[in-house]
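Data first, discussion second: the structure below is written as structure tokens.
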Amino acid sequence: MPPKRTWDAELYEAHHSFVWQLAEGLLTVLDPKPGERILSLGCGPGHLAYKIAERGAQVVGLDSSPEMIGSARQNYPQLSFVLEDAARMRFDREFDAVFSNAALHWMLDASGVARAVARSLRMGGRFVAEMGGKGNIRHIESAVERAARRYSGPNLPEPRTFFPSLGEYAGLLEESGLEVRFARLFDRPTELEGANGMEVWVRQFKGYYFEGLPRAKREEAIREVIEELRPILFREGKWTADYRRLQIVAVKSADSESGKG
Ligand code: BEZ
């Protein structure tokens, strides 16, 4: 099993606020209504949970990172946040909707998560989600992997993210009793903040590839990653991450065997 993801919540807030700021469109799709009970899955520092609560819904935020839940509770003490692995949550037909933005690709037990989501929804409840899809960060990943092979040898660390194709993810939801009503996979190049935006991104999300190296070698490897990416992802003074998103809307249509769990 790969080591558990830990987050530097402050670094995330300082440089990656675009993650929740870009989610306005997904909130429009969710269209939360006053009085609805909504689960914000992989809620991070809680900003989207708050936006949902502002529309009058009752929100529960859930995340497996103690750092993120700590930060969410500090940001929004009036809301309810739960520290739990999504695949292990035991909510049973409690929610009108489950919402998730940029979090599902960290949850490697995707079938377990789909079953837990289905279980947590009332019949007819909706799952509205966006995550990295097949081909996400293709250039960044290959530059990081090439540098890691040069510096540390052929054995790469276990993947910590997964980026499914539309068909793969839709199939997985259907097996859990969720009926897929809408799905699309699309490129969403995402601007990173500042002249060192890519370096900050690589250190935060891919730094573990270089953890075992002595400091000087680690710095050299990261510099090489950045230089390899510069001709592809640096334009007019701005870094862009080659994000590709999978957006999906599904409705609970059955208490499937696996959905009952
Ligand atoms: C993403 O949002 O696509 C992502 C963020 C960090 C690491 C990998 C992917």
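The numbers here are math on the coordinates, done by the rules we state, and not lab data. Because the structure is predicted, anything quoted here is derived from the model rather than measured. Note that each Cβ is placed from the backbone with ideal geometry, even for glycine, and that neighbours are counted across all protein chains shown.
Of these, Leu48, Leu108, which one is among the hydrophobic types (A, V, I, L, M, F, W, C), within 16 Å of the ligand (Cβ to nearest atom) and surrounded by fewer than 22 Cβ atoms within 10 Å (Cβ to Cβ)?
On inspection, the qualifying residue turns out to be Leu108.
Write out, first by first residue and then by second, each pair whose Cβ atoms fall under 6 Å of each other, whose residues are 6+ apart or on separate chains, and whose first residue, in region 66-94, is in contact (Cβ under 8 Å) with a residue 24 or more places away in the chain while the second is among the acidic types (Asp, Glu) and part of a loop (DSSP other than H, G, I, E, B).
Ala87/Asp109
Say we look at region 172-213 and pick out the residues that are within 16 Å of the ligand (Cβ to nearest atom) and part of a strand (DSSP E or B); which of these is nearest to Gly125 (Cα to Cα)?
Step by step, filter region 172-213, then rank; the result is Arg184.
Of the residues that sit in region 150-165 and are out of contact with any Pro (no Cβ under 9 Å at 6 or more places or on another chain) and closer than 25 Å to Leu246 by Cα, which one is farthest from the ligand (Cβ to nearest atom)?
Ser165
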